Amino acid sequence: MIRVLVTDDEPLIRAGIRMILSSADDMEVVAEAANGREAVDIARSQRVDVALLDIQMPVMDGLTALAELRRSAPEVRVLILTTFGERQNVLRALGAGSAGFLLKDSAPAELMRAVRAAAAGEAYLSPGATRHVVDSLASGGTADRAERARRRLEKLTVRERDVLPLLGEGLSNADAGQRIHMSEATVKTYVSRILAKLECDNRVQAALLARDAGLGT
C-alpha cells in the first residue's frame, strides 16, 4: 500500500482527495494536515510514502514544508498540489526536490497516476504545468541555443528521440508508451537513458532541450 499524507488548509479539499485516493486498492490516506508545519511533524513521526502539499497555507506554506521534508524526511516523496500554475512555483518546487507538481483541477485519474509515479521514484508534472513551463522558458530562444541543443541530442538513438518530445507534453510513462506502442517499463528505461545522456536532472530540463532543438514543435 502507498501511504499518503494529504495537506491542505481547506477541509473540503482534503476530504475530496481522501475520497479519490481511498477508491484505489493500492493507496491509503494515513493522515491529514492543515498546514505545512503539521505535515512536517506527521512525516517525521510516522511512515509516509507520498505527501501531497498545497502551496498556499497558513503557518507554513507548501514550498517551505517541502524544503523541511527534504532535510528531515528525505525518504518521503512530495507532490505539490495547487490551484496556481505559475511558472515560478513549478520551478521552485522542482528546485527544492519535489517529485512532481499537480494542479487542483486535474482529473482524479491523474491524481492517482501522480501518486503512483511519485511512490515509484518517478518525477511527475501535470501536462498543463509541464507545457506551461516548457513554453514559457523556451520562448525567445536564440539560434545559438538551438544549435547547442541539437548537438546534445546527437547522443540519442532514433528511438530515444521518439520518446523525448513526449516529455514536453507531460505524458506519464504509460501514456507515452500507448502513443508510440511501447510498454510502460520500456518507456521508463528510455527516459532514464535520455536523462543520463543529456545530463538532465528531470523531465522538464530534457523537454526544454527538445523544444530548443525543434523536436515536437
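The values are calculated or read from the model by the stated rules, or taken from the named source; none is laboratory data. From a predicted model like this one, the values you see are computed outputs, not experimental measurements. Note: ideal-geometry Cβ built from the backbone for every residue, glycine included; neighbour counts use all protein chains shown. With ligands, DNA and RNA removed, areas are computed over all heavy atoms of the protein, side chains included. Shrake-Rupley method; radii C 1.70, N 1.55, O 1.52, S 1.80 Å.
Counting other Cβ atoms within 10 Å, keep those with at most 14, restrict to DSSP loop, and tell me which GluC sites (Glu not before Pro) in region 14-113 are left.
On the way: sites: Glu28, Glu32, Glu38, Glu68, Glu75, Glu86, Glu110; in loops: Glu75, Glu86.
Sparse-neighbourhood loop GluC sites (Glu not before Pro): Glu75, Glu86.
Just order 10-17, 208-215 by mean Cβ neighbour count inside 10 Å, highest at the front, would you? Before the final figure, lay out the partial values.
On the way: 10-17: 14.9, 208-215: 21.4.
So the peptides 10-17, 208-215, ranked by packing, come out 208-215, 10-17.
Using a simple charge model, +1 on the beta-carbon of Lys and Arg, -1 on the beta-carbon of Asp and Glu, nothing else, what dipole does the chain show about its Cα centre, in debye to the nearest 20?
Numbers: 29 positive and 30 negative charges, 173 e Å.
Using only the charged Cβ atoms, the result is roughly 820 debye.
Does anyone have the angle between helix 127-138 and the longest principal axis of the chain? Alpha-carbon axes, 0 to 90°, nearest 10?
Between helix and principal axis, roughly 50 degrees.
For the pair Leu91 and Lys197, what calculated FRET efficiency results from E = 1/(1 + (r/R0)^6), where r is the Cβ-Cβ distance and R0 = 25 Å, to the nearest 0.05?
Working: r = 23 Å, r/R0 = 0.93.
Computed FRET efficiency for Lys197 and Leu91: 0.60.
What is the list of residues in region 173-215 whose amide nitrogen lies under 15 Å from a point 7 angstrom out from the Cα of Asp26, following Cα to Cβ?
Inside the label zone: 173-175, 184-186, 188.
Using R₀ = 41 Å, calculate the FRET efficiency as 1/(1 + (r/R₀)^6) where r is the Cβ-Cβ separation of Thr189 and Arg18; round to 0.05.
On the way: r = 34 Å, r/R0 = 0.83.
E between Thr189 and Arg18, to the nearest 0.05, is 0.75.
Could you let me know the centre-to-centre spacing of region 152-173 and region 1-79, using Cα atoms, in angstrom?
Taking the Cα centre of region 1-79 as reference, the centre of region 152-173 is 32 Å away.
Rounded to the nearest 500, what is the chain's calculated 222 nm mean residue ellipticity when only DSSP H runs of at least 4 contribute -39500 (n - 2.57) each, over all residues? Before the final figure, lay out each step's value.
Details: 11 runs with 121 residues, N = 217.
Only helices count here, giving -17000 deg cm²/dmol.
Counting only protein heavy atoms, what percent of the accessible surface of the chain is carbon or sulfur at a 1.4 Å probe?
Details: 4970 of 10020 Å².
Roughly 50 percent, rounded to a whole number.
Note down the nm distance, to one decimal, between modelled labels 7 Å out along Cα→Cβ at Glu147 and at Asp105.
Result: 4.2 nm between the two label points.
If one takes the longest principal axis of the Cα atoms in the chain, at what angle in degrees, from 0 to 90 and to the nearest 10, does the Cα axis of helix 108-119 lie?
Result, in degrees: 80.
Treat every Asp and Glu Cβ in region 1-54 as -1 and every Lys and Arg Cβ as +1, leave all other atoms uncharged, and give the resulting dipole magnitude about the Cα centre to the nearest 20 debye.
Numbers: 6 positive and 11 negative charges, 35 e Å.
That gives a dipole near 160 debye.
How would you classify region 1-105 from its alpha-carbon gyration tensor, with a ≥ b ≥ c the square roots of the eigenvalues: rounded for a/c under 1.5, else prolate if a/b is greater than b/c, otherwise oblate? Each step should come with its number before you reach the end.
On the way: a/c = 1.44, a/b = 1.17, b/c = 1.22.
Rounded.
Report the extension gain between Asp41 and Glu154 in nm, rounded to one decimal, defined as 0.36 nm multiplied by the number of residues separating them, less their alpha carbon distance. Intermediate values should be presented prior to the final figure.
Working: separation 113, 0.36 × 113 = 40.68 nm, distance 4.68 nm.
The Asp41-Glu154 span can extend by a further 36.0 nm.
Just add up the charged neighbours of Ile13: K/R +1, D/E -1, any other residue whose Cβ is under 13 Å from the Cβ of Ile13. Don't skip to the answer; put the middle values down first.
On the way: positive: Arg14, Arg18, Lys104; negative: Asp8, Asp9, Glu10, Glu32, Asp54, Asp105.
Here the count lands on -3.
Counting heavy atoms of the protein chains only and a 1.4 Å probe, report the per residue accessible area for the chain as a whole number of Å². All intermediate terms of the calculation are to be shown ahead of the outcome.
On the way: 10020 Å² over 217 residues.
Ligands and nucleic acids excluded, the figure is 46 Å² per residue.
Cross-link candidates for Lys155: which aspartates and glutamates have Cα within less than 18 Å, leaving aside residues fewer than 8 places away along the same chain?
Glu147, Glu199, Asp201, Asp212
Could you name the aspartates and glutamates in cross-link range of Lys104, using Cα to Cα under 12 Å and dropping any fewer than eight places away on the same chain?
Excluding near neighbours in sequence, the set is Asp8, Asp54.
What angle, in degrees between 0 and 90 and rounded to the nearest 10, separates the Cα long axis of helix 62-72 from the longest principal axis of the Cα atoms of the chain?
Roughly 90 degrees between the two axes.
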